[in-house]
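Everything on this sheet refers to the single structure shown next.
No lab work stands behind these numbers, since they all come straight from the coordinates. From a predicted model like this one, the values you see are computed outputs, not experimental measurements. Glycine also receives a Cβ, built like all others from the backbone with ideal geometry; neighbour counts cover every protein chain displayed.
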Amino acid sequence: MPVVKHRAREVVLTAGLKTDGLLFLRSGTVEVVKDGVQIASVNAPGSVFGELAVLLDQPHMAEVRALEPSEFYVAESAILASDPTVAHYVAAILARRLDAANRWLAAVKRRIQAGDPPNVIGKAVEKVEELISYGGRDPTGW
Amino acid sequence: MPLIPDSAVFQRRLGALPLATYQAGENVLTTGSRTGQLLILKKGAVSISKEAVEIAKVAEPGAGEISALLDQPHTADVRALESSEFYVADAASLLVQDPVVLLYVSAIVAQRLNRANQVLIELKSQIHAGQPPSEIGKTVEKIEELLGPSGGNLAYAGYPYDPFA
């Protein structure tokens, strides 16, 4: 796959903008920003970005910005239909996120039931948001 | 051509798979079992329970909705509530080798994450506004429906199987 490089502070994906491609982090660190708030900082090689936009055919939900010089493998969305290995990698990431978000949501519920203060509940909600919003990587498959 | 095949293409693909029928009360999947099979509900209704407590019911899928039950060593039992038919596929070969099925399943998961994300915005503003726990709890349940096993599309949170496990 071709590689693109981004300098520190460069925007990699713009929220609200539609692009037709998947990005896999090769090296570097990026942040995921939603509504002006950082929801994740990512440096794990293999982390995927842009997959929800591609699968849902909609604009990106969050902004991705390089925190340091970062490199990505770039693939067109059609690779999901033509390369089972890539398709499987992305599917496994999605499903893992769904599963993890589900478990964190259970933690949110327990905290509400325990009468925890809003800031404690909010922390667990942030974790759910991180899992829902950004791709991450398949820890077993990269 | 759109990236995600429409459900008719997916249904045709499923049509080639063997069927398994379970009678009312029969166990479809048992906690801790692992057969490597992907079960896709064609007809009927099942109950998903965890430690003997029912956590979801999955009924006959509507148009474009597929209920997939994946057998991995997991913490839930699946029992037929009525006579139910499933397409049976080898999970490894179907999911790994068939991009059509894989894409379709991915799109369903992506839709659920996306809808959950929209409700999460509501949840955050409720917490921020200091709404009572009962109200916040209702919104959490909405998200739970989208993410959890009763999501109605891809039924069982046990997906994905771990191809590397």
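Enter the angle in degrees (range 0 to 90, nearest 10) between the Cα long axis of helix A:84-113 and the first principal axis of the Cα atoms of chain A, meaning the one along which they spread out most. With both axes taken from Cα atoms, the answer is about 10 degrees. Counting only DSSP H runs of at least 4 residues, each contributing -39500 (n - 2.57), and dividing by the residue count of chain A, the helix-based mean residue ellipticity at 222 nm comes to -12500 deg cm²/dmol.
Note on B:E85 and B:A24: the extension gain reaches 20.9 nm, defined as 0.36 nm multiplied by sequence separation minus the Cα-Cα distance.
Give me the net charge of B:E26's neighbourhood, meaning all other residues with Cβ under 13 Å from the Cβ of B:E26; Lys, Arg count +1, Asp, Glu -1. Computed value for this residue: -2. Equivalent-ellipsoid semi-axes for chain A (Cα gyration tensor, √(5λ), whole Å, largest first): 27, 18, 13.
Taking the longest Cα principal axis of chain A as reference, the axis of helix A:118-133 is set at about 20 degrees. Which whole-number percent is the relative contact order of chain A (Cα, under 8 Å, 6+ apart)? Over chain A, the number comes to 30 percent. 3J(HN,Hα) along the stretch B:112-129, derived from phi through the Karplus expression 6.51 cos²θ - 1.76 cosθ + 1.60 where θ = phi - 60°, amounts to 5, 4, 5, 5, 4, 4, 5, 5, 4, 4, 4, 4, 4, 5, 5, 5, 4, 7 Hz, with x in place of Gly and Pro. Springs between Cα atoms under 10 Å define the GNM used for chain A, and in it the highest mean-square fluctuation of A:V12, A:V74, A:V86 occurs at A:V86. Working note: Cα gyration tensor of the stretch A:95-138, eigenvalues times five, square-rooted, sorted largest first, giving semi-axes of 22, 10, 5 Å.
Taking amide H positions as modeled 1.01 Å from N, with prolines and chain starts lacking one, the residues under 5 Å from B:L38 and 5 or more places away or on another chain are B:A89, B:D90, B:A91.
Think of each Lys and Arg Cβ as +1 and each Asp and Glu Cβ as -1; about the Cα centre, that makes the dipole of the stretch A:37-114 roughly 720 debye. Of all the options A:R26, A:R96, A:R110, the one that moves most in a Gaussian network model of chain A with Cα springs shorter than 10 angstrom is A:R110. What FRET efficiency, computed as 1/(1 + (r/R0)^6) with R0 = 45 Å and r the Cβ-Cβ distance, is obtained for A:A44 and B:K138, rounded to the nearest 0.05? With R0 = 45 Å, the Cβ-Cβ based efficiency is 0.80. Think of the stretch A:1-52 as a dipole: +1 on every Lys or Arg Cβ, -1 on every Asp or Glu Cβ, centred on the Cα centre; then among A:A40, A:T14, A:L25, A:L25 lies furthest on the positive end. In this structure, the amide hydrogen of B:K57, modeled 1.01 Å from its nitrogen in the peptide plane, lies closer than 5 angstrom to those of B:I48, counting only residues at least 5 positions away or on a different chain.
Computed over neighbours whose Cβ is under 12 Å from that of A:E130, the net charge equals +1, Lys and Arg +1, Asp and Glu -1.
Each residue in B:S49, A:S27 was given a count of other beta-carbon atoms within 10 angstrom of its own, and listing them fewest first yields A:S27, B:S49. Under the shape rule built on the C-alpha gyration tensor, where the axes satisfy a ≥ b ≥ c, the stretch A:22-90 is oblate, since a/c reaches at least 1.5 while a/b does not exceed b/c. Computed from backbone phi with θ = phi - 60° and the Karplus coefficients 6.51, -1.76 and 1.60, the 3J(HN,Hα) list for the stretch A:62-73 is 10, 8, 10, 10, 6, 9, 8, x, 9, 10, 10, 7 Hz; x is used for glycine and proline. What residue among A:T14, A:T85, A:T29 shows peak mean-square fluctuation when chain A is described by a Gaussian network model with Cα springs under 10 Å? Between A:T14, A:T85, A:T29, it is A:T85 that shows the largest mean-square fluctuation.
Amide H contacts of A:S47 (H built 1.01 Å from N, in plane; Pro and chain starts excluded): A:L25 sit under 5 Å, all sequence-distant by 5 or more or on other chains.
Under the convention that each Lys and Arg Cβ holds +1 and each Asp and Glu Cβ holds -1, the size of the dipole of chain A around its Cα centre is about 460 debye. Spin-label model, B:A45 to B:K57: label points 7 Å out along the Cα-to-beta-carbon direction sit 0.4 nm apart.
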